[in-house]
2 protein chains.
Amino acid sequence: MLKSRAEHAVKTRIQTENQNLILKAALDVFSAYGFRGATVDQIAAQCGLSKPNLLYYYRRKEDLYVAVLEHTLAEWLIPLRMLDVKNDPVSELTRYIEAKIDMSFTNPAASKLFANEILHGAPHIGGYLKGQLYDLVKSKSLIIRQWVDQGKINAVDPHAFIFAIWAVTQHYADFSAQVEALIGPKVPLSKIKKDVLEILLRGLKKI
Amino acid sequence: MLKSRAEHAVKTRIQTENQNLILKAALDVFSAYGFRGATVDQIAAQCGLSKPNLLYYYRRKEDLYVAVLEHTLAEWLIPLRMLDVKNDPVSELTRYIEAKIDMSFTNPAASKLFANEILHGAPHIGGYLKGQLYDLVKSKSLIIRQWVDQGKINAVDPHAFIFAIWAVTQHYADFSAQVEALIGPKVPLSKIKKDVLEILLRGLKKI
DNA sequence: ACTGGTCTTGACCATTTGATCAAGAATGAA
DNA sequence: TTCATTCTTGATCAAATGGTCAAGACCAGT
């Protein structure tokens with residue numbers, strides 16, 4: 001079964017359709033209940049497939065989980081990758097922070113999925129953290145350091161600042177239950193962007 | 001069984017001892033694996049009791065979970081409660097932020113327990129969020145607003161700022177796996193405090 | 001229409017796990 | 001010591017759940 005993929009690396013129409021269905025449903029369910037809390041039945045039901053049928057595409061629950069993680073990881077880092085040392089620091093960081101806030105509101109499930117995974121010690125993406133992500137963050141830290149050295153922004157520890165950006169922006173996705181309990185669900189995105197940008201960037205701008 | 005508690009509200013020596021054992025073990029296990037991921041066997045093993053014996057003190061897994069949550073909630077908010085409008089804003093906020101960072105490093109399990117609970121929609125403490133916590137945050141927001149109105153700090157949205165403090169400080173506990181993968185485990189607490197304080201407070205200080 | 005491969009599923013299995021219970025051991029007040 | 005209460009546990013249960021399998025349905029190229 002699925003031989004063709006190994007042999008000619010060809011996906012049938014049905015494979016593509018169903019795998020997309022499954023990945024989407026799995027993201028929802030895994031992000032809402034965590035790896036252990038999610039059940040294969042639940043995911044199968046959510047995308048209208050039978051459990052054995054789902055397990056025909058992903059033989060083990062863990063395979064599906066890893067597939068969802070990897071499928072979501074790439075796009076999650078696009079905005080950080082775009083951070084460019086040649087441009088103006090404040091507008092670059094503004095763009096990055098706004099992009100992160102947008103992502104938290106458009107795809108909170110992705111944020112929650114990672115949050116859950118890392119919260120539990122990143123058992124499935126530990127290698128990715130120490131590899132790909134480490135390199136990316138290292139290079140982007142260098143950019144921030146250069147901006148500081150060039151006197152374009154006030155001194156700041158690059159890693160601490162990146163963590164702060166992640167923490168604050170993803171807070172609105174990961175802890176939406178708390179945020180909504182405290183300020184209600186109808187605070188406009190534009191206001192949140194403005195407030196977060198002020199808090200994170202005002203201290204960096206040169207007088 | 002446990003009649004005396006209902007009748008004269010008296011705990012025996014053994015009850016106090018074992019309940020403390022259980023709560024401590026349960027905090028560790030629940031925070032590491034989440035409610036669903038933790039097993040009663042695991043908690044029982046961790047505190048050296050048999051499973052039926054543990055269930056003698058907390059009849060259902062969920063009872064134990066709620067007990068752990070409530071037991072940890074109170075102390076978690078003490079530093080915020082102490083925020084006092086009569087003192088200097090910067091030193092008050094410095095004290096609060098430092099206290100939160102200290103807590104994240106002394107008791108990361110507590111932070112992770114809440115993070116996990118809220119991440120999954122706060123099914124067990126939703127009422128607490130909309131009640132106790134809502135009132136507390138409302139009153140403390142007012143304090144920050146007063147400081148702004150009195151011209152003691154630059155303008156900031158109080159709720160957004162409180163969220164930022166929570167997000168950044170708890171990030172070091174909740175996402176320690178990621179933090180350690182990116183900056184290593186041996187960054188001194190004092191440096192982290194200094195960096196976080198700069199990022200969060202520099203923008204608030206009047207020139 | 002034929003046919004080889006792909007897709008689907010009902011039935012089923014083994015394990016995990018939350019919870020129960022009866023019976024016995026330990027405790028501590030009188 | 002006595003004895004009612006409290007504490008402990010081995011054995012066991014029922015439900016949930018990840019995963020298997022054989023048999024059949026469906027699909028697409030010829």
Quiz item: Any idea which of A:LYS24, A:LYS61 is surrounded by 13 or more Cβ atoms within 10 Å (Cβ to Cβ), among the basic types (Lys, Arg), within 16 Å of DNA strand C (Cβ to nearest atom) and within 14 Å of chain B (Cβ to nearest Cβ)?
Solution: A:LYS61
Quiz item: Right, A:VAL68: away from chain B (no Cβ under 14 Å), touching a helix residue (DSSP H, G or I) at 6+ places or on another chain (Cβ under 7 Å) and within 16 Å of DNA strand D (Cβ to nearest atom) or not?
Solution: yes
Exercise. Consider only pairs whose beta carbons are under 6 Å apart and that are at least six residues apart or on different chains; among these, list those whose first residue lies in the range A:112-123 and is closer than 16 Å to B:VAL29 by Cα and whose second residue is assigned to a helix (DSSP H, G or I) and among the charged types (D, E, K, R).
Key: A:LEU119/B:LYS112; A:LEU119/B:ASP174
Quiz item: Quick one: which helices (runs of 4 or more DSSP H) sit completely within the range A:8-106 and have at least 2 residues that are at negative phi and touching a residue at least 60 places away in the same chain (Cβ under 8 Å)?
Solution: A:13-37, A:89-106
Quiz prompt | Residue satisfying all of: in the range B:116-160; among the aromatic types (Phe, Trp, Tyr) and under 15 Å from A:GLN178 (Cα atoms); nearest to the other protein chains (Cβ to nearest Cβ) among these | solution = B:TYR134
Quiz item: How many residues does the range B:149-162 contain that are over 15 Å from B:THR94 (Cα atoms) and in contact with a helix residue (DSSP H, G or I) (Cβ under 8 Å, 6 or more places away or on another chain)?
Solution: 7
Quiz item: Does B:LEU201 satisfy the criteria of being closer than 19 Å to B:ASN87 by Cα and more than 10 Å from chain A (Cβ to nearest Cβ)?
Solution: no
Quiz prompt | Residue check for A:LYS193: in contact with an Asp or Glu (Cβ under 6 Å, 6 or more places away or on another chain), in a helix (DSSP H, G or I) and more than 7 Å from every other protein chain (Cβ to nearest Cβ) | solution = yes
Quiz prompt | Pair list, Cβ under 6 Å, 6 or more apart: the range A:168-187 residue over 9 Å from B:LEU129 (Cα atoms), other residue aromatic (Phe, Trp, Tyr) | solution = A:HIS171/B:PHE163; A:VAL179/A:TYR172
Exercise. Kindly indicate which of B:LEU27, B:LEU73, B:LEU77 is more than 9 Å from DNA strand D (Cβ to nearest atom), modelled with pLDDT of 95 or more and aliphatic (A, V, I, L, M).
Key: B:LEU27
Quiz item: Filter the range A:129-156 for residues that are assigned to a loop (DSSP other than H, G, I, E, B) and touching a Lys or Arg at 6+ places or on another chain (Cβ under 8 Å); which is surrounded by the fewest Cβ atoms within 10 Å (Cβ to Cβ)?
Solution: A:GLY151
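The values are calculated or read from the model by the stated rules, or taken from the named source; none is laboratory data. Source: prediction; values computed, not measured. No Cβ is skipped: glycine too gets one built from the backbone with ideal geometry, and neighbour counts run over all protein chains shown.
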